[in-house]
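Working notes, beginning with the structure itself.
Please treat every number below as a calculation from the coordinates, not as lab data. For clarity, every value in this text was computed on a predicted model and none was experimentally measured. Backbone-built Cβ (ideal geometry, glycine too); neighbour counts: all protein chains shown.
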Amino acid sequence: MKKSRLLSIEKFFLSPAFAIIGVSDNQMKFGNSAFRAMKERKISVYPVNPHLTSVERDKCYPSILDVPDTVKSVVIVIQPQATERVIADCVQKGIRALWMQPGSESDRAIDEAEISGITVISGQCLLMFLEPVSSAHAFHRWVNKFVGAYPK
């Protein structure tokens, strides 16, 4: 899997609103951590999980098709086979950028999204780029820059 370019990552964050597909109500899971981190930064973000009605006291949407139309960038934190199944919905919704968190991506999903004109970010952890970057993610970013693994 190819690493994403820094320009694509910067454009991802220009969206007026975001959704996280696969968000959990378990605070120990990445989807919940990412959701809380975005909310703490006053980012407009919508949780998506067909098995939940709310996350962190916010309404949870059953599908990306149900979120407000202002959502143009999506974070995906589900299994690769499930990611492949939501690409068509993202295309239908008019999503412009997908962040496939490590562990959620597949070559098939990436190819399908890119063929449909969606920018895909993969091979990178969202929290390493969500400003201001904190804790272990700030250290991880520094290490990646030091060893030349940071996107250019």
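Calculate how many DSSP beta bridges within the chain are antiparallel, expressed in % of all such bridges and rounded to the nearest 5.
10
Near Ala17, the amide H atoms lying under 5 Å from its own belong to Lys72, Ser73; only residues 5 or more places off or on other chains count, and H is placed 1.01 Å from N.
Judged by the ratio a/c of the largest to the smallest principal axis of the C-alpha gyration tensor, the range 32-86 counts as rounded, that ratio being less than 1.5. For the range 83-88, backbone phi angles converted through the Karplus equation (6.51, -1.76, 1.60; θ = phi - 60°) give residue-by-residue couplings of 4, 4, 6, 9, 4, 4 Hz, Gly and Pro being listed as x. Once backbone amide H atoms are built at 1.01 Å from N, Trp99 has Val74, Val75, Ile76, Ile121 as its partners under 5 Å, excluding neighbours fewer than 5 places away on the same chain. Cross-link pairs exceeding 22 Å in C-alpha to C-alpha distance, out of Lys11/Lys59; Lys42/Lys152; Lys59/Lys93; Lys11/Lys152; Lys93/Lys152, comprise Lys11/Lys59; Lys42/Lys152; Lys93/Lys152.
Between rounded, prolate and oblate, where does the chain land on the alpha carbon gyration tensor, with a ≥ b ≥ c its root eigenvalues, rounded for a/c under 1.5, else prolate if a/b exceeds b/c? It is oblate, given that a/c is not under 1.5 and a/b is not larger than b/c.
What does the charge add up to near Cys90, with Lys and Arg as +1, Asp and Glu as -1, over the other residues with Cβ less than 15 Å from its Cβ?
Values: positive: Lys72, Arg85, Lys93, Arg96, Arg108; negative: Asp66, Asp69, Glu84, Asp89, Glu105, Asp111, Glu112, Glu114.
Computed value for this residue: -3.
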